[in-house]
Each structure stands twice: as structure tokens, then as C-alpha cells.
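The values are calculated or read from the model by the stated rules, or taken from the named source; none is laboratory data. The structure displayed is predicted, hence computed values, not measured ones. Calculation scope for accessible area: heavy atoms of the full protein, side chains included, ligands and nucleic acids excluded. Shrake-Rupley method; radii C 1.70, N 1.55, O 1.52, S 1.80 Å.
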Amino acid sequence: KRIEKDTFKNMDLLSTIEISQNELEFVHREAFKNNQPMIDIKLSNNMLKEFDFIMNLSKLKTLDLQHNVIEKIQSNLFDSFKNITEINLSNNKIRSITKSCFQSTCLQQLCNLHLSDNEIETIEPGSFDLLTRLIMLTLKNNKIKTIDSNLFNSLGSLNTLQLSENPIESFTDPMTYQ
């Protein structure tokens, strides 16, 4: 149920790893420390609550952590990911998206962001402002009631936005709160 520090220590060429459907609960922050060529990680269908173990993987292109029990996205977690194109955090327990979740200039290559089937109630204005190359954003089946009417303004490359199955009541101008 655990991946400990240095588990993949001597695998210098490891670029892809899939450890899905294993009931993993914990991955040590330094489990992949020596795996700099790592570009694809799939740890879906486990019991992971956090994912700070990705911090050492600056060459990562795809991250698939769907179907876990992740409750929040740590601030500045993606600060060193210049090559990441896809993040899948669908089917977790995430409750909110704060501005600091995706505010890294390193995320400029991100094309697909999957946040469907979580428990998201709030998305802080400006949360997606730096994701200018985002093509697909999925937020369906959450608990979103109100969306800032400017939330998606910086997403000029977006061609798919999924918001279905939310109890959306309004798209609100943030100036009305002041």
C-alpha cells in the first residue's frame, strides 16, 4: 500500500510508470527522486490523498491520478513542470480550486486539464489565467453553483469546456461583490 523512498533508485532510464488499481495509499516524496527522464505517470484507481511526490519530476508530460481520494491541490506544486501537457485529477475529492493551484508560468504547455467528478464547490477567480494553451477543461459533475463570468477569459485556445452536471445558478460578474 506504500511506495517508499528510493524504490526506483537505480532505474535511471525509467520514463513511464503505471501502478493503477493497487490500493496505494502513500507515495514517498522521494520515491522518484532519481528518475529525471520520467515523462508519464499513471497511478489511477488507488487511495492516494496527496501527490507531492511529483515535485522532482520536471520533465513530466502526463500525470494521471484519476480515481483516488485527493482532497486538495497544493499551492505551487506544478512550479517546475515546463513540459506537462495533460493533468487528470478526475474522480477525486477535490473541493476547491484556488488561484495558487495552477498559477505557475511553467504550465504554459498544458493542453488538457481534467477535474470532473470531484466535489468542487468553488473556483477562485484567476485560477486558470496562466493556462493560455489549454485546449480542454473538464469540470463536469461537481458541485459548482456560481462561476465568475471572467474565469475563462484568458483561455483563448480552449475548444472543449465541460460544465454539465453541476448545480450552476449563475455566471457572476466579480464586480457585483464589491
Computed over the chain, the relative contact order (Cα-Cα under 8 Å, seq sep at least six) in percent reads 13 percent
So for segment 1-115, using the alpha carbon gyration tensor with a ≥ b ≥ c as root eigenvalues (a/c under 1.5 gives rounded; past that, a/b versus b/c decides prolate or oblate), I'd call it oblate
The chain accessible area per residue, 1.4 Å probe, protein heavy atoms, integer Å², reads 51 Å²
With 0.36 nm assigned to each residue of separation and the Cα-Cα distance removed, residue 69 to residue 2 gains 22.6 nm
The alpha-carbon center of segment 75-138 and that of segment 1-63 are separated, in whole Å, by 19 Å
Heads up, segment 66-163 by the C-alpha gyration tensor (a ≥ b ≥ c square roots of eigenvalues; a/c under 1.5 rounded, else a/b over b/c prolate, else oblate) looks rounded
Counting only protein heavy atoms and leaving out ligands, DNA and RNA, the solvent-accessible surface of residue 79 at a 1.4 Å probe, in Å² to the nearest 10, equals 70 Å²
